[in-house]
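The structure appears below as structure tokens.
The values are calculated or read from the model by the stated rules, or taken from the named source; none is laboratory data. Treat the numbers as computed from the prediction; the structure is a model and nothing was measured. Here the Cβ positions follow ideal geometry from the backbone for every residue, glycine too, while neighbour counts run over all protein chains shown.
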Amino acid sequence: MRRTIGFIVVAIGILAYATLLLVAIPSLQLDDIEQSPKHIPSNAQIERGREVYIEAGCLYCHSQQPTTLDFAPDLNRNWGRYAVPADYVGDHPHLLGTMRTGPDLHNIGARQPSEDWHLIHLYQPRSVLPNSVMPSYQYLFTHVAKVPPGQKQVSVPEKWVPEGNKVIASQDALDLVAYLQSLDHTYQVDEPKDAEKMP
């Protein structure tokens, strides 16, 4: 019995220490960080697009955290400046990603601002990037013979579209692209203050 109590006390102690070290202290360190005034403000469409991004599983293959040259050649890859804590203020949940099967998207809005490019890429990635391993998100689009008024037609190359059809973007596709276009953190940051707080 005494050994069981000792084991429980040690387990609780380890859990409390880990919580203090990995949750409480970092939270206190980042508590006073404010979002940059140059950050692109969110709106209802961007928020809906963020939800589509999560539902589509984009964060499983794309990160949103370019690093300094000390860790990886992200700056040489044209992914924009490295991320700082202020970039993530207001993001719930944070979409840092877990791996990089595809490129980092933290600054995709600056690298690729074209709505048409994003829509074509979502419909058929290999139509714009022949070696892409990204899956096609054609469920975000519909095929019609004639484009209804007020609908967004996507200029996908003919070889990728069923004969006699035109591709129409759904509202989810347009919202997702609006979210991707909002990912532009290329503005300058207060280097000394943010650098001190970087983990």
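For this structure, a couple of remarks:
- In summary, helices (runs of 4 or more DSSP H) completely within segment 39-137 and bearing 3 or more residues that are more than 28 Å from PRO162 (Cα to Cα) occur at 44-55, 108-111.
- Qualifying residues in segment 44-85 (those that are hydrophobic (A, V, I, L, M, F, W, C) and touching a helix residue (DSSP H, G or I) at 6+ places or on another chain (Cβ under 6 Å)) - the one nearest to GLN181 (Cα to Cα): ILE46
- Considering the conditions (1) in contact with a strand residue (DSSP E or B) (Cβ under 7 Å, 6 or more places away or on another chain); (2) part of a helix (DSSP H, G or I), VAL156 is excluded by exactly one of them, (2).
- The C-beta contact set for segment 65-77 (first residue under 15 Å from ILE108 (Cα atoms), second residue hydrophobic (A, V, I, L, M, F, W, C) and at pLDDT 85 or above, distance under 6 angstrom, 6+ apart or interchain) comprises GLN65/ALA83; GLN65/LEU96; PRO66/TRP79; PRO66/ALA83; LEU75/LEU69.
- Candidate set: segment 83-111, residues that are β-branched (Val, Ile, Thr) and surrounded by fewer than 16 Cβ atoms within 10 Å (Cβ to Cβ); chosen: the one modelled with the highest pLDDT: THR101
- The number of residues in segment 138-150 that are surrounded by 14 or more Cβ atoms within 10 Å (Cβ to Cβ) and assigned to a loop (DSSP other than H, G, I, E, B) comes to 0.
- Within segment 9-53, if we keep just the residues that are of a type in the set (Val, Ile, Thr) and within 21 Å of GLU115 (Cβ to Cβ), the residue that is surrounded by the most Cβ atoms within 10 Å (Cβ to Cβ) turns out to be VAL52.
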